[in-house]
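> Please see the structure below; I have some questions.
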Amino acid sequence: MQGVDTANYTPKLYQVAMNTALATGDPGGLCPLVDGAIQRVPARSWTLAQAMCAGLSGEPSRAGTLITAARRRNVASGVDMLLAQKVVGAGGQGRQAVTIEWDGVDQLTTWRLGLAMATGVVVPDPLFATVGPQATYWRALSPGLTIGNRLAAAEAAAAQGVLSNAALVDLYGAADGDDSVQSAATATAQDLRTAYADRNAEARLTALRSIWGASTDAAPAYARLVLTARAAVRIPAALGKGDADRLVASMLSAGLDHSASRWLGVVDRGGDAWAMLVLADPNPGARLSYGDLASYSGGPGDSALKQRMLFAGLAGLGRLSAGDIERAAQALGVPIGTENAWTRALDRAARAGQPGTVALLAATGLQTARWHGVPPEALYRIVAALRAVGLEGEARMLAAEAIARA
């Protein structure tokens with residue numbers, strides 16, 4: 001969007017620009033666009049953006065006049081108008097002290113969230129139940145909020161790939177000693193320091209277990225695996241064999257396939273760690289047999305689904321022979337030959353060598369609330385298409401994540 005000259009903006013691009021600025025809590029990003037938008041997209045939000053930009057530019061008198069005119073024309077009222085006034089007051093020479101009360105507000109909107117984030121106003125947690133999960137991820141990225149108000153959202157964002165391992169570690173590093181952070185999060189930050197920096201490997205492993213939760217947990221929160229990815233790399237394979245499933249999943253959550261691959265000769269054949277490693281193996285010549293596939297028990301969780309996901313990933317990566325693929329597809333009941341409009345579009349994009357289109361179509365095929373909603377045959381198509389357009393690294397990590405998540 002920023003690569004398009006403002007003179008060439010279309011009404012749709014103005015709409016996207018507004019939503020993007022709000023999602024990032026950056027109303028100042030609207031200011032280079034506001035004059036053109038007022039002429040071409042006479043929406044209420046742009047009318048208020050004009051007043052906010054005047055305030056942010058150090059023109060409080062003009063901003064006040066525009067706010068008064070907007071109120072007279074009933075452009076906005078209630079919390080929507082108050083949030084705009086608060087942004088105006090945040091500008092240079094701003095003289096307004098505006099208090100935001102959420103009583104009576106029963107719906108969170110992009111406008112309300114974006115301006116609240118921009119001005120450091122905390123949105124009550126119940127309001128996030130009225131919108132999609134992406135709003136929580138936006139909150140994680142908001143520098144205007146305290147660290148204490150961002151940590152839970154940051155973990156949710158990391159679990160969905162919005163925040164990286166490095167970003168989440170940095171946030172927890174800043175949380176240690178921050179007054180806005182609750183004691184449980186402070187304890188996690190301290191464990192994290194031990195996991196990354198302690199000289200004793202056993203102490204590091206103990207800290208990792210504490211961060212992940214009790215060893216009886218079948219599926220520790222995926223965000224915690226992301227959080228500990230680079231700390232997991234430092235655990236010697238001989239010491240961590242009993243925690244191999246979580247250590248390998250943690251490393252692969254950040255794409256550390258080369259570090260994880262040293263565990264391939266250590267883990268038990270047929271376990272979850274083994275399954276993730278044979279999928280993530282960066283060796284382009286890696287091949288498995290039907291017997292290797294049949295040795296996988298599925299481990300904890302939904303074992304039947306994980307068996308089918310392993311097959312789908314290996315088949316999509318070309319790591320099984322054609323005969324073994326046909327045999328396993330029948331034995332496991334995975335209809336990899338199923339066709340529909342989505343598979344045909346994905347195949348066309350792969351044949352045309354269009355990695356961007358393949359990535360978008362792959363994302364479309366993964367739009368479910370949980371990994372259990374992704375059919376193995378869809379994973380097979382996605383992995384094969386990513387590999388066909390040169391995105392084999394992404395294909396391997398995606399296939400391995402299917403095992404970690406199931």
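> Using +1 at the Cβ of each Lys and Arg and -1 at the Cβ of each Asp and Glu in the chain, identify which of SER183, LEU168, GLY316 lies farthest towards the dipole's positive end.
Most positive-ward Cα: GLY316.
> Please work out, to two decimal places, the log10 of the ratio I(q)/I(0) at q = 0.23, 0.25 Å⁻¹ from a Debye calculation in which every Cα of the stretch 62-154 carries one identical scatterer.
Ignoring solvent entirely, the Cα scatterers give -1.20, -1.32.
> I would also like to ask the following. Translational D (Stokes-Einstein, µm²/s) of the stretch 2-84 at 20 °C and 1.002 mPa s when Rh comes from the Kirkwood sum over C-alpha pairs?
On the way: Rh = 13.0 Å.
After rounding, the answer is 165 µm²/s.
> Another one. Which FRET efficiency, nearest 0.05, do TYR290 and HIS258 yield, Cβ-Cβ r, R0 35 Å?
E between TYR290 and HIS258, to the nearest 0.05, is 0.80.
> Would you mind putting 317-326, 21-30 in packing order, based on average other-beta-carbon counts within 10 Å, highest first? Walk me through the numbers before you get to the answer.
Numbers: 317-326: 17.8, 21-30: 20.4.
By packing density, highest mean first, the sequence is 21-30, 317-326.
> Would you give the gap between the C-alpha center of the stretch 173-195 and the C-alpha center of the stretch 330-386, rounded to a whole Å?
Each part's Cα centre sits 40 Å from the other's.
> Compute the FRET efficiency between THR109 and ARG40 as 1/(1 + (r/R0)^6), taking r as their Cβ-Cβ distance and R0 = 25 Å, and round to the nearest 0.05. List each step's numbers first, then the result.
Values: r = 23 Å, r/R0 = 0.90.
Approximately 0.65, to the nearest 0.05.
> Can you tell me how much longer the chain between HIS372 and SER77 gets when fully stretched, taken as 0.36 nm per residue apart minus their C-alpha distance, in nm with one decimal?
Net length gain for the segment: 101.9 nm.
> Ok, one more. Name the residue from PRO32, PRO126, LEU145 whose Cα lies farthest towards the positive end of the charge dipole of the chain, charges +1 on Cβ of Lys and Arg and -1 on Cβ of Asp and Glu.
PRO32
> Can I ask one more? With only alpha-carbon pairs counted, each pair once and no self-pairs, how large is the Kirkwood hydrodynamic radius of the chain in angstroms?
23.9 Å
> Based on Cβ point charges of +1 for Lys and Arg and -1 for Asp and Glu, what charge dipole magnitude is obtained for the chain about its Cα centre, in debye rounded to the nearest 20?
660 debye
> Note down the nm distance, to one decimal, between modelled labels 7 Å out along Cα→Cβ at ARG234 and at VAL122.
Reported label-point gap for ARG234 and VAL122 is 3.3 nm.
> Here's something else I'd like to know. Over the Cα atoms of the stretch 46-106, each weighted equally, I'd like the Debye log10 I(q)/I(0) at q = 0.14, 0.18, 0.20 Å⁻¹, rounded to two decimals.
With no solvent term, the Cα-only Debye profile gives -0.34, -0.55, -0.67.
> OK, next. Viscosity 0.890 mPa s, temperature 25 °C: Stokes-Einstein D of the stretch 236-290 from its Kirkwood Cα radius, in µm² per second?
On the way: Rh = 11.2 Å.
Approximately 219 µm²/s, per Stokes-Einstein.
> While we're here: Rounded to the nearest percent, how much of the accessible area of the stretch 1-72 (1.4 Å probe, protein heavy atoms only) is carbon and sulfur?
The value for the stretch 1-72 is 50 percent carbon and sulfur by accessible area.
> Something else about it: How large is the accessible surface of ARG150 in square angstrom, using a 1.4 angstrom probe and rounding to the nearest 10?
40 Å²
> Using helices alone, I'd like the mean residue ellipticity at 222 nm for the chain: each DSSP H run of four-plus residues gives -39500 (n - 2.57), total over residue count, nearest 500.
-17500 deg cm²/dmol
> Sticking with this one: Give me the one-decimal nm value for the distance between modelled label points at THR65 and THR364, 7 Å along each residue's Cα-to-Cβ direction.
Output for this residue pair reads 5.0 nm.
> Once both labels are modelled 7 Å past Cα along the beta-carbon direction, what's the ASN340-GLU101 spacing in nm?
Each label point lies 7 Å from its Cα, and together they span 5.0 nm.
> If you don't mind, there's one more thing I want to ask. For the charge dipole of the chain, defined by +1 on Lys and Arg C-beta atoms and -1 on Asp and Glu C-beta atoms about the Cα centroid, which residue among ALA158, SER295, GLY3 has the Cα displaced farthest towards the positive pole?
Final value for the positive-end residue is GLY3.
> For the stretch 127-243, which semi-axes, largest first and in whole Å, follow from the square roots of 5 times the eigenvalues of its Cα gyration tensor?
26, 16, 12
> Please compute the per residue accessible area over the stretch 159-300 with all protein chains in place, 1.4 Å probe, rounded to a whole number of Å².
For the stretch 159-300, the per-residue accessible area is 44 Å².
> Using 0.36 nm per residue, how much length does the chain from SER183 to ASN8 gain when fully extended, once their Cα-Cα distance is taken away? List each step's numbers first, then the result.
Details: separation 175, 0.36 × 175 = 63.00 nm, distance 5.10 nm.
Working it through step by step, the gained length comes to 57.9 nm.
> Using the alpha carbons of the stretch 302-376, what is the convex hull volume per residue in cubic angstrom, as a whole number?
Working: hull volume 7.2 nm³, N = 75.
Roughly 96 Å³ of hull volume per residue.
> Could you work out what % of the accessible surface of the stretch 82-222 is carbon and sulfur, using a 1.4 angstrom probe and leaving DNA, RNA and ligands out of the count? Don't skip to the end; give the middle numbers.
Working: 3380 of 6820 Å².
It is 50 percent, rounded to a whole number.
> Please report the Cα spread of the stretch 111-184 along all three principal axes, rounded to whole Å, starting with the longest.
Principal extents (Cα only, largest first): 31, 26, 20 Å.
> How much net charge surrounds VAL131 when only the other residues with a Cβ under 11 Å from the Cβ of VAL131 are counted, with Lys and Arg +1 and Asp and Glu -1?
+2
> Next question, about the same structure. Please compute one quarter of the surface area of the Cα convex hull for the stretch 231-348 and express it in square nanometres.
8.2 nm²
> Moving on to the next point. Taking R0 as 45 Å, what's the FRET efficiency between SER57 and ARG199 from their Cβ-Cβ distance, rounded to 0.05?
The formula returns an efficiency of 0.25 here.
> With the alpha-carbon atoms as the only input, what is the per residue convex hull volume for the stretch 333-398 in Å³?
Normalising the Cα hull of the stretch 333-398 by residue number yields 81 Å³.
> Label 7 Å along Cα→Cβ of GLN160; the stretch 356-372 residues with amide nitrogen under 12 Å?
Counting backbone N atoms under 12 Å from the label point, the list is 367-370.
The values are calculated or read from the model by the stated rules, or taken from the named source; none is laboratory data. In this text, all values refer to a predicted model and were calculated from it rather than measured experimentally. Please note: Cβ atoms are built from the backbone with ideal geometry, for glycine as well, and neighbour counts cover all protein chains shown. Only protein heavy atoms, including side chains, enter the accessible area calculation; ligands, DNA and RNA are left aside. Shrake-Rupley method; radii C 1.70, N 1.55, O 1.52, S 1.80 Å.
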